[in-house]
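Scroll down for the structure; my scribbles are underneath it.
The values are calculated or read from the model by the stated rules, or taken from the named source; none is laboratory data. From a predicted model like this one, the values you see are computed outputs, not experimental measurements. When we count neighbours, we look across all protein chains shown, and the Cβ atoms used for this are built from the backbone with ideal geometry, even at glycine.
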Amino acid sequence: MRYLVRFCCLGILLCGWNLQSRGQTVRDYCVLLQAEPVTVSGQPRLRINWEAIPEAVYYYVDRKAVTEATFPAIPRKVITDGTTEYTDTGLTPGQRYEYRVRAANTSLNLIALGHIYAGLEAPVTHSSGSVALVIDSTFRQSLAPEIARIQEDLWADGFRVLTYYVDRTQDTPPAIRDSLRTLYARRPAGSAFYVCLLGRVPVPYSGNIAPDGHSPDHQGAWPADVYYADLDGSETWTDESVDNAVADRSENRNVPGDGKFDQNDIPGALEARVGRVDMYNLPAFGLSEETLLRRYLDKNHAFRTRQIVPEDRAFVRDEFQTCCQAAVSPFASTAWRNYTAFFGADSVKEIPVSDGLFDSLSTHSFRCGFAGGGGMYPSIVGFGTTDSFVVNAPKVVFWAMIGSYFGDWDTPDNVMRAALASEGWGLASFWAGRPYWPLHTLALGEPIGLSAWQAQGAGATVYGNDYGHQMVHITLLGDPTLRLEYPAAPVNAAFSNGSLTWEAPPGEEAPLGYYVYGKTPEGADFELLTPTPLTETSIIPAFEACGTGVADMLFRVRALYLVQNASGTHYRLSPGIQATGNCLQANSRPGTTAPPRVQVYPQPARHTLYLATQQAIGGTVSLRNSLGQEVYSTILPPGIQHKISPENLSSGIYLLHWRMNTGYIYTHTICIE
């Protein structure tokens, strides 16, 4: 209990405002944003809405691209009439935007804040970037099958995979970073670069800090995996000025020349998105590192392949309701703001501190969870301990935690690493609240490594005037390439009789179509071979990428879905399934010549839609809704203009699919109002 009191007292001093005295909770200081597609004057638009904030007189709405470091100085909209929604009539369908809504009182003081990453038919990204698997060589042989499997899973998810083994006792953080710089330089220009540290990869330490407020016993160097994210060579990390040997743990003591760096703050921009899976020194489990790593890799694969499918909801367990102010992001705001953008406010459950938790989490699943309370390295007061993870198997995938001491995660039986080591579903965890973690990009299918990169690089006022922003302790534990969810993939891909075939994903939700990718034996990356998604489940491979022919082209097939959630609508790809076969010279089959030009009008349409071409073409036209269900179909005779009249269709977005009698397949997204 001593640690709980010390931690909360520090929080009050930093925040300067006790919410409980005002009868409010952390939730009241979060603008809980949700987005939905709407039609305005016949045009598709995106509407952002939120719950009213007590005492709010002004709402400031801001918008930026996720790659921009700050929001514009001038708000996009100022709302003064109490309206709790904003319809963006200036957006471009097919783009992704980051929105911020700030609530202010009559004195213009900020009293609440919210963020959302939203889109209207936001497009897919066929290449996910490169990922460097940095693997402890201790497990090179014993975990070879599991390593090969995660390599394949990453390729299937659109990543270029680079593998690098290190020696846990001989290699140093500077030597490892130098090697990562070489791999980083080999990535395709402009593409994202991820680093997954697997096993006991040497841990960099840096600073003279105490982000949890416990000084002098816990002040000094903290684990700093952000060092591995600094790959352009322009920043300087030194080991000459900090001289503090007072901390209780020897690992936190930092003196000149000891191999621990001086920097408290990240010295500049970060190039890589880093995460760590490290099962070292977890004796409470009574199992070897190898066994715990294998367990993690097994459930990682199970999650990617939908053998683990948690419910789309989240829970919040918060002991720190009295430790917040609007100007500083309250600890649990990481949960409330982000989880609402994932699942909607009704699917975020606050679990009272009086309720037991672990028995429930072993029987009821949550995609995300937050636990905050006074802590020690292996425990969170009011929540549980590492032993709780040893004896239970909580069905929670993404964990956010906050409390004293255990943010320094390189400790025996650390509770955050225990969440990943357990038999439960935990695959990622992080110390959230100092600073705030912007997870909202996960809602549109981005990997969690992007969230870590944003948390590490965001300035003081982007996501709230946080304590701890841009400090070296900000770390993601877990695979940085993980996404919030994975759609069902096609099955049973095969190559026979000159055709590549596959079967539709199992389950009730049918995809809109399929993309086919190919890689030659000497190729470094998969190339998109079908710019237009296919609705059939077979194709005779004949593409320009094949040149005069490739005998053993490696193909991948990924399913395309249109997803609607609390952050709008976006297209999402499933993992890919592979097959090997012959790829023919382009134009060696019908339909591989230049596609005909097609006009589709009007848009949006009401009861009548026209299709026009420059040559007489017929075929079969169908419409699919956002669930991939066919809701209309008709046969067209050859002609240069066709009129179709789909009846009784509700307003919304549909995929038009025209299988032409020339052998070409044309698809186009349309809007029915």
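Tell me which residues, restricted to region 637-653, are among the aliphatic types (A, V, I, L, M) and under 15 Å from Pro604 (Cα atoms). Correct list: Ile644, Leu649, Ile653. Only one of the numbered conditions (1) at negative phi; (2) surrounded by 13 or more Cβ atoms within 10 Å (Cβ to Cβ); (3) modelled with pLDDT under 85 is not met by Gly591, and that is (1). The condition (being in contact (Cβ under 8 Å) with a residue 60 or more places away in the chain, crowded, with 20+ Cβ neighbours inside 10 Å and not in a strand (DSSP E or B)) is satisfied by just one residue among Glu146, Glu98: Glu146.
Residues checked against (1) part of a loop (DSSP other than H, G, I, E, B); (2) in contact with an Asp or Glu (Cβ under 7 Å, 6 or more places away or on another chain); (3) closer than 21 Å to Pro267 by Cβ:
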position: Trp425; (1), (2), (3): yes, no, no
position: Ser429; (1), (2), (3): no, no, no
position: Pro435; (1), (2), (3): yes, yes, yes
position: Leu442; (1), (2), (3): no, no, no
position: Glu446; (1), (2), (3): yes, no, no
position: Gly449; (1), (2), (3): no, no, yes
position: Trp453; (1), (2), (3): no, no, yes
position: Gln456; (1), (2), (3): no, no, yes
position: Gly464; (1), (2), (3): yes, no, no
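Restricting attention to region 472-501, and to residues there that are of a type in the set (A, V, I, L, M, F, W, C) and over 19 Å from the mean Cα position of the chain (by Cα), which single residue is nearest to Leu133 (Cα to Cα)? Once the filter is applied, the top-ranked residue is Val472.
Residue check: is Glu121 under 29 Å from Arg572 (Cβ atoms), of a type in the set (Asp, Glu) and within 21 Å of the chain's Cα centre (by Cα)? Against the criterion (under 29 Å from Arg572 (Cβ atoms), of a type in the set (Asp, Glu) and within 21 Å of the chain's Cα centre (by Cα)), Glu121 qualifies. Going residue by residue through region 394-401, is there one that turns out to be under 20 Å from the mean Cα position of the chain (by Cα), basic (Lys, Arg) and surrounded by 24 or more Cβ atoms within 10 Å (Cβ to Cβ)? No. Entry remark, region 151-174: residues being of a type in the set (A, V, I, L, M, F, W, C) and touching a Leu at 6+ places or on another chain (Cβ under 6 Å) number 2 in total. Looking only at region 210-259, residues that are over 21 Å from Arg200 (Cβ atoms), among the aliphatic types (A, V, I, L, M) and in contact with a Gly (Cβ under 6 Å, 6 or more places away or on another chain) come to 1 in all. The set of residues in region 638-667 being without any contact (Cβ under 8 Å) to a residue 60 or more places away in the chain, hydrophobic (A, V, I, L, M, F, W, C) and in a strand (DSSP E or B) consists of Ile640, Ile644, Leu656. In region 518-625, counting only strands (runs of 3 or more DSSP E) that sit wholly within it, the ones holding 1 or more residues that are over 35 Å from the mean Cα position of the chain (by Cα), closer than 30 Å to Arg45 by Cβ and not acidic (Asp, Glu) span 598-601, 609-624.
Counting only helices (runs of 4 or more DSSP H) that sit wholly inside region 267-386, those with at least 3 residues that are buried (at least 19 other Cβ atoms within 10 Å of the Cβ), of a type outside the set (Val, Ile, Thr) and touching a Cys at 6+ places or on another chain (Cβ under 6 Å) are 333-343. Filtering region 485-529 to residues that are without any contact (Cβ under 8 Å) to a residue 60 or more places away in the chain and aromatic (Phe, Trp, Tyr) leaves only Tyr514.
Between Val390, Val397, the distinction of being of a type in the set (A, V, I, L, M, F, W, C) and part of a helix (DSSP H, G or I) belongs to Val390 only. Scoring Val203 on the criteria (1) touching a residue at least 40 places away in the same chain (Cβ under 8 Å); (2) under 17 Å from Val134 (Cβ atoms); (3) not in a loop (DSSP other than H, G, I, E, B) leaves a single failure, condition (3).
The residues of region 120-139 that are part of a loop (DSSP other than H, G, I, E, B) and either buried (at least 20 other Cβ atoms within 10 Å of the Cβ) or on the phi > 0 side of the Ramachandran plot (or both) amount to a single one, Ser128.
Going through Ala332, Ala284 one at a time, which residue ends up being at pLDDT 95 or above and more than 30 Å from Ser130 (Cβ to Cβ)? Of the residues listed, the single one that is at pLDDT 95 or above and more than 30 Å from Ser130 (Cβ to Cβ) is Ala284.
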